[in-house]
Amino acid sequence: MTDLGPVPWPPAPIRTERLVLRAAEARDRAGFVELYASQEVHTYLGGARPREELERETPAVPGQWPGSFVVELDGVMTGQVLLRRATEHSRPAAVGKVDLGYLFLPRAWGHGYAAEACGAALDWPDGVLPDEPVVLATQTANIRSLRLAAKLGFAEVERFWAWEAEQWLGLRPAASA
């Protein structure tokens with residue numbers, strides 16, 4: 001995955017009814033470590049990284065690149081939404097397209113925050129990259145993620161086998177389509 005090209009970054013914070021999406025700051029470092037070290041968060045992502053390794057290797061301000069949004073709830077990082085260019089995706093239908101990814105701490109699950117944050121984050125590329133569709137891949141075993149993809153307007157393109165599990169690839173048409 002690579003960056004999105006010449007897009008204005010960081011944008012002004014994106015505010016929803018309950019959340020703020022913004023660029024990462026130094027105060028988010030502990031949240032990033034917790035997010036990437038969580039076995040629950042990485043159930044469908046191949047496993048978490050060891051906390052000690054993350055503590056050593058995580059920069060002072062992690063996640064600083066265009067398309068990396070910190071999701072803040074009540075002033076505290078609760079997740080991350082990522083929009084990246086899928087230049088090396090294993091599926092031809094996804095190559096070169098903007099790819100949506102997201103991670104939320106388990107305490108945020110079941111409250112609709114992922115739908116709220118991802119919906120708001122998708123408005124950003126609609127404004128700066130309006131002619132580009134967005135893809136999303138998830139394991140078919142991740143039922144919550146499949147439901148979220150449908151809610152966000154992604155339609156199934158294909159299913160495929162990777163990382164020892166069946167995967168689902170969805171596409172959301174370009175805003176200008």
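The values are calculated or read from the model by the stated rules, or taken from the named source; none is laboratory data. Since we're looking at a predicted model, the values are computed, not measured. Here Cβ is always computed from backbone atoms with ideal geometry, including for glycine, and neighbour counts include all displayed protein chains. Ligands, DNA and RNA are stripped out before the accessible areas are found, and what is left, the full protein with its side chains, is counted by its heavy atoms. Shrake-Rupley method; radii C 1.70, N 1.55, O 1.52, S 1.80 Å.
Right, residue 41: within 27 Å of residue 143 (Cβ to Cβ), open to solvent by less than 70 Å² (accessible area, probe 1.4 Å), modelled with pLDDT under 95 and not hydroxyl-bearing (Ser, Thr, Tyr) or not?
When the stated conditions are applied, residue 41 passes them.
Exactly one condition in (1) touching a residue at least 24 places away in the same chain (Cβ under 8 Å); (2) outside any loop (DSSP other than H, G, I, E, B); (3) open to solvent by 30 Å² or more (accessible area, probe 1.4 Å); (4) more than 30 Å from residue 17 (Cβ to Cβ) is false for residue 126; which is it?
(4)
Pairs only if they're at least six apart or on different chains, beta carbon under 6 angstrom, first in segment 11-26 and free of Cβ contacts under 8 Å to residues at least 60 places away in the same chain, second assigned to a strand (DSSP E or B) and surrounded by 15 or more Cβ atoms within 10 Å (Cβ to Cβ); list them, first residue then second.
As it stands, the answer is 13/20; 13/22; 20/72; 22/70; 24/70, since those pairs meet every condition given.
Just the residues that are part of a strand (DSSP E or B) and in contact with a helix residue (DSSP H, G or I) (Cβ under 9 Å, 6 or more places away or on another chain), please, taken from segment 59-79.
Across segment 59-79, the qualifying residues are 69, 70, 71, 72, 73, 76, 77, 78, 79.
Which condition breaks for residue 174 when tested against (1) among the aliphatic types (A, V, I, L, M); (2) at pLDDT 95 or above; (3) farther than 16 Å from residue 89 by Cβ; (4) surrounded by 13 or more Cβ atoms within 10 Å (Cβ to Cβ)?
Condition not satisfied by residue 174: (2).
Is it true that some residue in segment 150-161 is closer than 29 Å to residue 27 by Cα and surrounded by 14 or more Cβ atoms within 10 Å (Cβ to Cβ)?
No.
Do the conditions hold for residue 92, that is, is it within 29 Å of residue 130 (Cβ to Cβ), more than 17 Å from the chain's Cα centre (by Cα) and either among the aromatic types (Phe, Trp, Tyr) or surrounded by fewer than 18 Cβ atoms within 10 Å (Cβ to Cβ) (or both)?
Criteria met by residue 92.
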